[in-house]
1. Of all the helices (runs of 4 or more DSSP H) wholly in segment 124-226, which have at least 3 residues that are at pLDDT below 95 and either surrounded by fewer than 22 Cβ atoms within 10 Å (Cβ to Cβ) or touching a Cys at 6+ places or on another chain (Cβ under 6 Å) (or both)?
2. Looking only at segment 146-192, which residues are touching a helix residue (DSSP H, G or I) at 6+ places or on another chain (Cβ under 8 Å), hydrophobic (A, V, I, L, M, F, W, C) and either in the same structural domain as Pro36 (by TED's automatic domain parsing) or within 25 Å of Ala38 (Cα to Cα) (or both)?
3. Filter segment 227-248 for residues that are small (Gly, Ala, Ser) and surrounded by fewer than 19 Cβ atoms within 10 Å (Cβ to Cβ) and give the result.
4. Going residue by residue through segment 111-119, is there one that turns out to be in contact with a helix residue (DSSP H, G or I) (Cβ under 7 Å, 6 or more places away or on another chain), surrounded by fewer than 16 Cβ atoms within 10 Å (Cβ to Cβ) and either modelled with pLDDT under 95 or assigned to a loop (DSSP other than H, G, I, E, B) (or both)?
5. Got a number for residues in segment 3-59 being at pLDDT below 75 and either surrounded by 19 or more Cβ atoms within 10 Å (Cβ to Cβ) or not polar (S, T, N, Q) (or both)?
6. Just the residues that are part of a helix (DSSP H, G or I) and either free of Cβ contacts under 8 Å to residues at least 24 places away in the same chain or not assigned by TED's automatic domain parsing to the domain that holds Arg98 (or both), please, taken from segment 229-241.
7. Kindly indicate the residue of segment 112-133 that is free of Cβ contacts under 8 Å to residues at least 40 places away in the same chain and small (Gly, Ala, Ser) and also nearest to Val157 (Cα to Cα) among those meeting that condition.
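The values are calculated or read from the model by the stated rules, or taken from the named source; none is laboratory data. Values in this document were obtained by computation on a predicted structure and should not be read as measured data. Neighbour counts run over all protein chains shown; Cβ positions are idealised from the backbone, glycine included.
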Amino acid sequence: MIKLKTTLAAIAMAVFATTASAQTVLKVGSTPTSVPFAFIDVKSNSPQGMMIDVIEAVSKEVGFKIEFQPMPFSALIPALTSGKIDIIAAAITASPERAKVVDFSQDVYSYGDGLVVPATDKTQYGNVADLKGKIVGAQIGTRYIEYLKAQSGAAEVKSYEALPDVLREVANGRIGAGIGDFPIFAYNLSQGQFPQLRLVRDYKSGLNGGINLAVKKDNAELLTKINASLTAMKQDGRLKAILEKWNL
């Protein structure tokens with residue numbers, strides 16, 4: 001009897017080990033500088049942020065391991081469509097153009113664009129049209145570039161690799177204003193960074209929308225599991241707790 005129990009225990013452990021080792025590993029693309037959504041913590045050299053916490057919670061519930069692949073925002077969709085990554089976890093919006101080439105989850109969080117100008121600029125900017133004649137900047141690969149070109153009447157629209165680059169350019173006086181994700185601008189300025197800048201509170205966002213997880217086109221099985229997990233997280237309060245952790 002003892003020998004039988006020992007044999008059964010050994011078999012159970014072997015099955016468990018095989019299952020654990022066979023757990024699917026999915027590559028998740030994220031941005032290194034989009035605080036508080038997805039960024040690399042310089043102290044731990046590890047991915048951090050709201051969307052990182054979300055995809056980690058999803059992975060535990062769905063049952064896959066994560067291998068993070070930090071990359072510039074503009075490289076995320078090409079990496080997903082080419083198969084270099086399996087999921088995007090970043091501050092990315094499900095625009096109609098992007099939805100033609102990748103599939104998006106339900107909304108994780110919603111917000112609009114923000115405007116930063118030099119602190120010495122006391123102009124009351126109400127909307128993007130008030131930037132007429134200025135040199136303005138935004139992050140490459142985002143909707144803001146075409147939005148500025150079409151709606152602002154700006155003298156020139158410059159593109160930058162990351163939002164901190166936009167903030168630095170405004171702070172250094174190389175451009176007159178920057179458009180980008182309101183929560184990222186607000187978080188950076190609230191941390192005491194870029195005291196030379198002002199976040200225009202009266203500015204009315206022209207590009208409002210949700211941010212989402214993204215998967216390769218037609219990966220319906222994975223998308224269904226992700227959406228089911230997000231729904232559960234919204235219902236049981238886990239998503240709310242993550243948002244509160246990052247002051248969102």
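1. By residue number, 182-190.
2. Answer for segment 146-192, where residues must be touching a helix residue (DSSP H, G or I) at 6+ places or on another chain (Cβ under 8 Å), hydrophobic (A, V, I, L, M, F, W, C) and either in the same structural domain as Pro36 (by TED's automatic domain parsing) or within 25 Å of Ala38 (Cα to Cα) (or both): Leu148, Ala162, Leu163, Leu167, Ala177, Ile179, Ile184, Phe185.
3. If the condition is that a residue be small (Gly, Ala, Ser) and surrounded by fewer than 19 Cβ atoms within 10 Å (Cβ to Cβ), then Ala228, Ala232, Gly237, Ala241 are the ones that fit.
4. Checked segment 111-119: at least one residue is in contact with a helix residue (DSSP H, G or I) (Cβ under 7 Å, 6 or more places away or on another chain), surrounded by fewer than 16 Cβ atoms within 10 Å (Cβ to Cβ) and either modelled with pLDDT under 95 or assigned to a loop (DSSP other than H, G, I, E, B) (or both).
5. So the count comes out to 15.
6. Those that are part of a helix (DSSP H, G or I) and either free of Cβ contacts under 8 Å to residues at least 24 places away in the same chain or not assigned by TED's automatic domain parsing to the domain that holds Arg98 (or both): Lys234, Gln235, Asp236, Lys240, Ala241.
7. Going through the qualifying residues, I end up with Gly133.
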